[in-house]
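First comes the structure, then the notes that go with it.
The values are calculated or read from the model by the stated rules, or taken from the named source; none is laboratory data. Since we're looking at a predicted model, the values are computed, not measured. Here the Cβ is made from the backbone with ideal geometry for all residues, glycine too, and neighbour counts use every protein chain on show. For accessibility, only protein heavy atoms count, side chains too; no ligands or nucleic acids. Shrake-Rupley method; radii C 1.70, N 1.55, O 1.52, S 1.80 Å.
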Amino acid sequence: MSDLAALARQHRLITDIAERGLAPLVIVGPSTDLVTLTGHIEDGTHPLSRIATVRQLPDSTVDSVLASVQDWITDFDVRGVICSGEVFVDPAGVLAEALVLPGPGAWAARVCRDKVMQRVILRDHGPSWRAFAPHERDSVTSDVYPCVVKPAGRMFSSGVVRVSDETELRAALAAYGPDEAILVEELVTGPEFSVEALVHRGELVWSGVTAKITNEDSSRFFTEIGHTSPAKLPLPQTDALIAANAAILKALRFESGITHAEFRLRDGQPVLMEVAARLPGDAITMMWHLATGLPLEPAMVDLALGVRPEYPAPTRRAVQRFVEHRPGRLTDVQCAGHTVSWVADDGYWPTVTPSGAEAPARCASVMVGLPRGASLGPLNDSYGRSASVVVDLPWQADPDSEVRVYVDQVQLAIDAGTAGSVTH
């Protein structure tokens with residue numbers, strides 16, 4: 001269960017499933033352009049051409065998904081269920097449990113898809129908070145400023161904003177839909193990280209810590225603009241993050257699958273921001289491939305089939321940085337000596353080949369997440385980011401200095417006469 005953007009990024013999942021002699025049956029939601037996806041499937045040279053069949057649903061509710069796959073359950077010997085898109089986390093977990101197949105468990109999946117449930121159930125691990133149902137919109141308030149306001153059901157940092165007083169709080173609320181539940185949380189300061197984990201039948205078999213950079217120092221928003229895998233941290237802090245994640249997965253009774261949890265380190269102690277029962281976004285899976293020498297997708301398929309995966313420790317680091325842009329219409333992106341991949345237009349992310357442990361730093365990929373002609377505006381959420389570079393480097397090298405060399409080589413051609421907001 002996925003969407004076109006995630007399928008394009010994780011096309012190795014489709015390849016790996018097909019190479020095991022299994023048929024990838026794909027469910028997508030309304031955000032996917034089905035005509036475009038069908039064109040990729042019909043193109044024998046495209047990585048997604050090995051999809052056996054695809055079905056588009058008008059929504060991602062549990063009822064809709066279960067009703068739509070009745071014939072597949074009858075016509076096929078279903079061996080596994082994988083969710084590679086946030087909106088399908090809940091129905092994927094329910095379907096796997098209903099078919100007695102490996103998965104996170106319906107309860108864990110439900111909690112991972114609901115930010116309010118996470119705050120209630122994992123209250124000992126997160127910030128102080130208060131939730132407001134849609135009918136309580138007029139009573140939304142905060143006892144402490146600054147604080148963070150977020151819509152409980154969105155993704156990609158959409159709608160997450162820091163507010164300094166009651167006036168800014170009211171302005172933020174006016175931008176949310178009338179049916180959205182709202183979370184008001186304390187502002188947790190400190191560096192941000194994610195912990196990726198592979199879990200097999202309740203056993204934590206692999207964990208990795210990724211460092212994050214957001215634009216919060218230059219704006220009121222929390223859009224991610226960089227990642228480093230693995231994070232360059234003192235071992236006690238790495239261990240603290242991994243231990244906190246393990247405790248959260250135990251509390252959720254998480255069974256099998258990949259997880260992605262986000263934390264802040266406040267005074268050296270992990271504070272949970274949120275946890276997801278899916279693979280990480282952006283280029284993090286690519287980065288772990290470059291850091292360890294093996295892709296994560298086969299391990300995900302193993303977990304879905306009930307096989308305990310073996311995934312190695314990293315021997316290198318990998319970094320993704322997004323390129324700054326000015327407002328306008330994006331017409332071209334160039335980087336001397338490197339192919340630029342327009343992943344939204346191509347429908348697939350470039351494949352990478354890992355380097356040897358001691359090989360010098362190199363640019364593994366230059367990617368553009370928006371289509372040509374997209375309108376660029378402020379980075380209020382992850383939808384608006386333009387180009388990024390992915391660099392892998394030796395273990396002891398400095399990630400910031402190595403990646404800056406390549407970021408500075410990226411040139412964006414922007415028509416300033418059509419500035420505006422990015423169309424989601």
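I need the shape label for region 84-127. Rule: rounded when a/c is under 1.5, else prolate if a/b > b/c, else oblate, with a, b, c from the alpha carbon gyration tensor. Taking the square roots of the gyration eigenvalues as a ≥ b ≥ c, region 84-127 is prolate. Surface composition of region 193-272: carbon and sulfur atoms hold 52% of the protein heavy-atom accessible area at a 1.4 Å probe.
Among all lysine pairs in the chain that are eight or more places apart or on different chains, how many have alpha carbons less than 23 angstrom apart? Summing the qualifying lysine pairs gives 5. Between residue 308 and residue 167, the simple spin-label model (points 7 angstrom out along Cα→Cβ) gives 6.1 nm. Residue ranges 33-40, 106-113, 206-213 sort as 106-113, 206-213, 33-40 when ordered by packing (mean number of other C-beta atoms within 10 Å per residue, highest first).
Charge tally around residue 117: other residues with Cβ under 14 Å, Lys/Arg +1 each, Asp/Glu -1 each, net +3. Counting 0.36 nm for each residue step from residue 324 to residue 351 and taking away their Cα separation leaves a gain of 7.3 nm. Which shape class applies to region 201-261: rounded if a/c is under 1.5, otherwise prolate when a/b exceeds b/c and oblate if not, where a ≥ b ≥ c are the square roots of the Cα gyration tensor eigenvalues? Prolate, because a/c is 1.5 or more and a/b exceeds b/c.
A crude spin-label estimate for the pair residue 49 and residue 413, with each label 7 Å from Cα along the Cβ direction, gives 3.0 nm.
Accessible surface of region 44-113, 1.4 Å probe: 53 percent of it comes from carbon and sulfur atoms. Helix screen, the chain: DSSP H segments with Cα axial length of 18 Å or more and mean Kyte-Doolittle hydropathy at least 0.0 are 235-251. Annotation: extensible slack from residue 342 through residue 34 equals 109.0 nm (criterion: 0.36 nm per residue apart, minus Cα-Cα distance).
Accessible surface area normalised per residue over the chain is 43 Å², counting heavy atoms of protein chains with a 1.4 Å rolling probe. For region 96-133, the residues whose amide N sits under 12 Å from a probe point set 7 Å from the Cα of residue 269 along the beta carbon direction are 124-128.
When the trypsin sites (Lys or Arg not before Pro) in region 232-325 are filtered for DSSP coil states and for at most 14 other beta-carbon atoms within 10 Å of their beta-carbon, the remaining sites are 253. Considering only protein heavy atoms and a probe of 1.4 Å, how much of the accessible area of region 285-424 is carbon and sulfur, as a whole percent? Summing carbon and sulfur atoms, their accessible area is 50 percent of the total for region 285-424. The order of the peptides 45-52, 187-194 by mean Cβ neighbours within 10 Å, most packed first, is 187-194, 45-52. Once the chain from residue 42 to residue 123 is taken as fully extended at 0.36 nm per residue, the excess over their C-alpha distance is 24.4 nm.
Inter-label distance, residue 401 to residue 76: 5.1 nm, where each label sits 7 Å from its Cα along the C-beta direction.
Between 69, 403, 28, the residue with the greatest mean-square fluctuation in the GNM of the chain (Cα pairs under 10 Å linked by springs) is 69.
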